[in-house]
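The values are calculated or read from the model by the stated rules, or taken from the named source; none is laboratory data. Please read these numbers as outputs of a predicted model, since none were measured by experiment. Note that we place each Cβ from the backbone using ideal geometry, even for glycine, and neighbour counts take in every protein chain shown. Please note that ligands, DNA and RNA were not included when accessible areas were found on the heavy atoms of the full protein model with its side chains. Shrake-Rupley method; radii C 1.70, N 1.55, O 1.52, S 1.80 Å.
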Amino acid sequence: MNEKPAAQVEVNAAGLSRGDYQGEPSTLCPGCGHNTISSQILTACYELNLIPEQIVKFSGIGCSSKSPTYFLKRSFGFNGLHGRMPSLALGALFADRTIKGIGISGDGDTASIGFGQFKHIIRRNMPMVYIIENNGVYGLTKGQFSATAEKGLELKHQGRNPYIPIDLAKEALISGASFVARSFSGDAKQVRELIKAAISHYGTAVIDIISPCVTFNNREDTLHSYVWGRQHEAPLHDISYVPYRKAILLGEFEEGTTQEVKLHDGSVVILKKLETDYDPTDKWHALRILEEAEMNRWLITGLIYINPTQPTLFDFHDLVDQPLNRLEVDRIRPDAESLEKLNDSMY
Amino acid sequence: MKGEKQATGDQQPKITLAPKVNDFSLTICTVNGSGSTTANNTLYRALFRMGIPVSGKNIFPSNIKGLPTWFAIRISKDGYLARVAHDDIIVAMNPKTFAEDLDYCVPGGVVFYADHINLPVQREDIITYPMPIKELIKKADVPRNLRDYMANMLYVGIVSQMLGICMESIQQVLRFQFISKPSVADSNYETVLIGAKWAKANLEKKDRYSVATMPALKDHIMADGNTAGALGALYGGVEFCGWYPITPATSMVESMMFFAPQLRKDPKTDKETYVIEQAEDELAAIGMVCGAGWAGLRSMTSTSGPGLSLMTEYLGLAYYAEIPVVVWDVQRVGPSTGLPTRTGQGDLTMSYFLGHGDTDHIILIPGSVNECFEFGWQAFDFAERFQTPILILSDLDLGMNQWMTKRFIYPDKPIDRGKVLWEEDLERLKGEWGRYQDVDGDGIPYRTLMGNKDPRAAYFARGTGHDEYGKYSENPQIWKAMLDRIKRKFETARSILPNPVLRKKNGAKIGLIAMGSTDPAVFEAQDLLVQAGLATDYLRIRAIPFSDEVKHFILAHECNYVLELNRDGQLHQILTLNYQELSGKMISLSISDGMPMTAAWVQTQVMEKENK
């Protein structure tokens, strides 16, 4: 009897296959930029050898916020309310500080009703990844302007947008973000490397990803379209993420051609210089490049700003090491004697 | 400003009126921001220390400095602690309200007033004691910035001397209040003595009011409901509190921040076992609380009407996604911004129907400071047992005012974490589980928590339609079955929530039904009605969904008066909705004027309806 050997399924260092990171089939439009991002989140987690149970997903409302169903089905997830993913994530992530939080939002979700929570989660530097799948349009309600839509954009039923857009990377930066990146869903490799860096970052890691809406806002002369992105993307650098174990083996790079940024967990982001010098640890530089990009209609992408040592919300609470949601009941109820003392002191 | 005015009689003060010992009310009229709180606290605490039942109500403006404020102390040897509309004794320190304040004094009553108030006393039926506050301050030569405080301590001394409040008690109270600053306690006490000495030498006692030491109130304490609720939460194992400041709920979380470090540091490591996070608004506060509750933390917030309005959408999600959270609503007066510093019970129907679509909510209604503590810890057990928001309706009167109450009783039940599956449970079940399956037939499913390492543990929580496994579904049968199953939880809860409290009188055919902080008024009114020849039974509702006892009570009485502090009779509305067949047996008696209910109001209203 000739038994065929079972097909070797490729696994990562955690012993898991790509299938272990998959989600339900996507119900978004074919070609939607969000599907690429879901796929790159999946790949990043696979390549980082993360166990899906170590990750928790959060989202708000809109097309973007449906997408957490389409990756990591072995991870817990919570699809919350419009614009209020950050507060939901904040509360939940305190339950077990060993779990990595990935929040998925959209421009409708973040730049309007969620603007306050976006700014405040950044201000707290809550350790989590905050991805905005930014297409400049409300997809799930069929094609209204979002607050990131460019001035003068014309949409089928809406006419012309008279308002100036909100730049979420700039808003993140001036709110004190410790990690700000912009990418383009058509640039899968960069998206993936940025997600890996964001997951390793200890603090709020904001990635504003231009993610075209093929149904409502993909005209080739508009900022959020595939064609515009492919033609105009201007990466600040060529970014690669090197995990801790490999990072310690890194050799010397040629002076002046790369910059290395060491993250909290020992991993390293290597930024290979392209045409111009760009230092993402310099906030002034970051602000200036965002201003210039806006004036000149450049789609700059890459790691815009990073401060790996900024204190986080967890640092402001002196909590027990054990996950709070696993504390035994006798550690959360004071003893009877303490109540008698309190009673004696009350009059 | 303070409710019903006293009709001034033309009778002269009768010095021969029978003495009144330990049975009167005293209101101190000051300007807010003048530091009178310490003085007023000293007075009621000294009285409590003398064994005399006492309550203290701060009637204050929504303002920081310069507007009129009143502190009403009720002293009752019989233990009646409700507000009374009229004052036996007035301490007038505010020239701006002097004329109006006098109107609230009963005939034969007493007015102590600062003699720099150069206004005529228009009434001849009251006894007046001018107090030379400025002159005494001048003699004492105190720094300018301490003069207001000294003025307050002077009236404490003068009033105490004239009423017979024990100086030793005052000294002990001051030492308690300034426990870490003995020199401040001593200098305050010296001021009190200056006032007392002056009164002894210069005032002749003409009135009939006095206090006398009673047996010590050993099983009682003085506290406010917000402190009690905060302590209840800390003993209930609260692990996450997301909040946003709002009067009159703020002091609950502030109490929690005060007591948490001494109560809730891990004995093994001295590290914190709780998170208190001030959110950017109520939308975020409840978002955090829902996230934490979902992830397995005992999670709460405290707010008031406007905040609850903002929290409504997330609480609707928590209802449908079945997330345990505890929400305190320390009610103020709505609609809108309303009266932010006054009390009411106007958020009941809002809480009952909270959220769009079909919902049900468990509502707890504490009627005493002690119950604020009790419900404070129990609420977490209910929230996790039933996997749903628990709303606790307190109010400004209960939450912020000082009440004599039974000592807090240590939880008599172990913490109940409800139906949670950890790794070993899933192993035992061989992974056979669905987040929203009703395995036990009580409507309550099992849940897993973030961090559970079993590959079969995870599910995706959502506010959208979902099946028994949490998967998105628009299927009509699944939607209907899910909503019907959730409703069953509230049937299960009916018999487990705190029972109503019954107080019977012999031969009563009339029922009184009330809730929350009106308890002292209704309790007292019940006795007044007996004196007036009308026996009533009194049922105080403590939880919704109602227990069957409520129905039995209504059935057992010819007529039931439903008493509450809102315009529309909201409890009456909900009772009518629940017991339509009994609607003819219930009559609504409600009032919304921002003030705590008085026994006299209850008595008058009931007697009128009874044509007596």
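For the range B:488-521, filtered to residues that are of a type in the set (Ser, Thr, Tyr) and open to solvent by less than 50 Å² (accessible area, probe 1.4 Å), the residue that is farthest from residue B:395 (Cα to Cα) is B:492. For the range B:113-124, check the following and say yes or no: at least one residue is within 33 Å of the chain's Cα centre (by Cα) and either among the charged types (D, E, K, R) or within 14 Å of another protein chain (Cβ to nearest Cβ) (or both). For the range B:113-124, residues within 33 Å of the chain's Cα centre (by Cα) and either among the charged types (D, E, K, R) or within 14 Å of another protein chain (Cβ to nearest Cβ) (or both): absent. Of everything in the range B:200-229 that is surrounded by fewer than 23 Cβ atoms within 10 Å (Cβ to Cβ) and small (Gly, Ala, Ser), the residue that is farthest from residue B:113 (Cα to Cα) is B:216. Taking into account only those residues within the range A:70-79 that are within 7 Å of chain B (Cβ to nearest Cβ) and buried (at least 24 other Cβ atoms within 10 Å of the Cβ), which is farthest from residue B:456 (Cα to Cα)? In this case the residue turns out to be A:79.
Remark: pairs (first residue in the range B:165-189, hydrophobic (A, V, I, L, M, F, W, C); second residue assigned to a loop (DSSP other than H, G, I, E, B); Cβ separation under 6 Å; 6+ apart in sequence or on different chains) = B:165/B:211; B:166/B:50; B:184/B:178; B:185/B:178. For residue B:407, are the conditions met, namely being surrounded by fewer than 24 Cβ atoms within 10 Å (Cβ to Cβ), closer than 24 Å to residue B:503 by Cα and either more than 11 Å from chain A (Cβ to nearest Cβ) or in contact (Cβ under 8 Å) with a residue 12 or more places away in the chain (or both)? The answer is yes for residue B:407. Only one of the listed residues (B:82, B:99) is open to solvent by 10 Å² or more (accessible area, probe 1.4 Å) and either under 20 Å from the mean Cα position of the chain (by Cα) or at pLDDT below 95 (or both). That residue is B:99. The set of residues in the range B:416-467 that are open to solvent by 30 Å² or more (accessible area, probe 1.4 Å), more than 8 Å from chain A (Cβ to nearest Cβ), in a loop (DSSP other than H, G, I, E, B) and of a type outside the set (Phe, Trp, Tyr) comprises B:416, B:429, B:430, B:432, B:437, B:438, B:439, B:440, B:441, B:442, B:456, B:467. If we keep just the residues of the range B:250-299 that are among the charged types (D, E, K, R) and part of a helix (DSSP H, G or I), which is nearest to the other protein chains (Cβ to nearest Cβ)? Per the stated criteria, the residue is B:282.
Residue-level check: of (1) within 9 Å of chain B (Cβ to nearest Cβ); (2) buried (at least 24 other Cβ atoms within 10 Å of the Cβ); (3) under 17 Å from residue A:137 (Cβ atoms), residue A:82 misses just (2). Condition check for residue A:328 on (1) facing chain B (nearest Cβ under 9 Å); (2) over 26 Å from the mean Cα position of the chain (by Cα); (3) of a type outside the set (S, T, N, Q); (4) open to solvent by 10 Å² or more (accessible area, probe 1.4 Å): one failure, at (1). Taking the condition under 18 Å from residue A:192 (Cα atoms) and among the polar types (S, T, N, Q), does residue A:38 pass? Yes. Filtering the range B:327-356 to residues that are surrounded by fewer than 20 Cβ atoms within 10 Å (Cβ to Cβ) and within 27 Å of residue B:420 (Cβ to Cβ) leaves only B:355. Residues of the range A:42-53 include none that is under 16 Å from residue B:294 (Cα atoms) and open to solvent by less than 10 Å² (accessible area, probe 1.4 Å).
Results for (1) assigned to a loop (DSSP other than H, G, I, E, B); (2) open to solvent by 60 Å² or more (accessible area, probe 1.4 Å); (3) within 14 Å of another protein chain (Cβ to nearest Cβ), shown as yes or no for each residue.
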{"site": "A:265", "(1), (2), (3)": "yes, yes, no"}
{"site": "A:271", "(1), (2), (3)": "no, no, no"}
{"site": "A:276", "(1), (2), (3)": "yes, yes, no"}
{"site": "A:288", "(1), (2), (3)": "no, yes, no"}
{"site": "A:300", "(1), (2), (3)": "no, no, no"}
{"site": "A:303", "(1), (2), (3)": "no, no, no"}
{"site": "A:310", "(1), (2), (3)": "yes, no, no"}
{"site": "A:339", "(1), (2), (3)": "no, no, yes"}
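Quick one: which residue in B:194, B:179 is within 14 Å of residue B:45 (Cβ to Cβ), open to solvent by 60 Å² or more (accessible area, probe 1.4 Å) and among the hydrophobic types (A, V, I, L, M, F, W, C)? None of the others qualify; the one that does is B:179. Restricting to the range B:468-496, name every residue that is more than 13 Å from every other protein chain (Cβ to nearest Cβ) and in a loop (DSSP other than H, G, I, E, B). Hits for the range B:468-496 are B:468, B:475, B:495, B:496.
Of the residues B:219, B:224, only one is modelled with pLDDT under 95 and within 14 Å of chain A (Cβ to nearest Cβ); which? I'd like the intermediate steps shown before the answer.
Working: B:224 fails: modelled with pLDDT under 95.
Matching residue, one of B:219, B:224: B:219.
Among residues belonging to the range B:300-325 that are facing another protein chain (nearest Cβ under 7 Å) and in contact (Cβ under 8 Å) with a residue 40 or more places away in the chain, point out the one that is most open to solvent (accessible area, probe 1.4 Å). The qualifying residue most open to solvent (accessible area, probe 1.4 Å) is B:313.
Would you be able to say whether some residue in the range B:120-135 is out of contact with any Pro (no Cβ under 7 Å at 6 or more places or on another chain), open to solvent by 30 Å² or more (accessible area, probe 1.4 Å) and part of a helix (DSSP H, G or I)? Looking through the range B:120-135, at least one residue is out of contact with any Pro (no Cβ under 7 Å at 6 or more places or on another chain), open to solvent by 30 Å² or more (accessible area, probe 1.4 Å) and part of a helix (DSSP H, G or I). Taking (1) out of contact with any Ser or Thr (no Cβ under 8 Å at 6 or more places or on another chain); (2) under 23 Å from residue B:495 (Cα atoms); (3) not hydroxyl-bearing (Ser, Thr, Tyr) in turn, residue B:511 satisfies each apart from (1).
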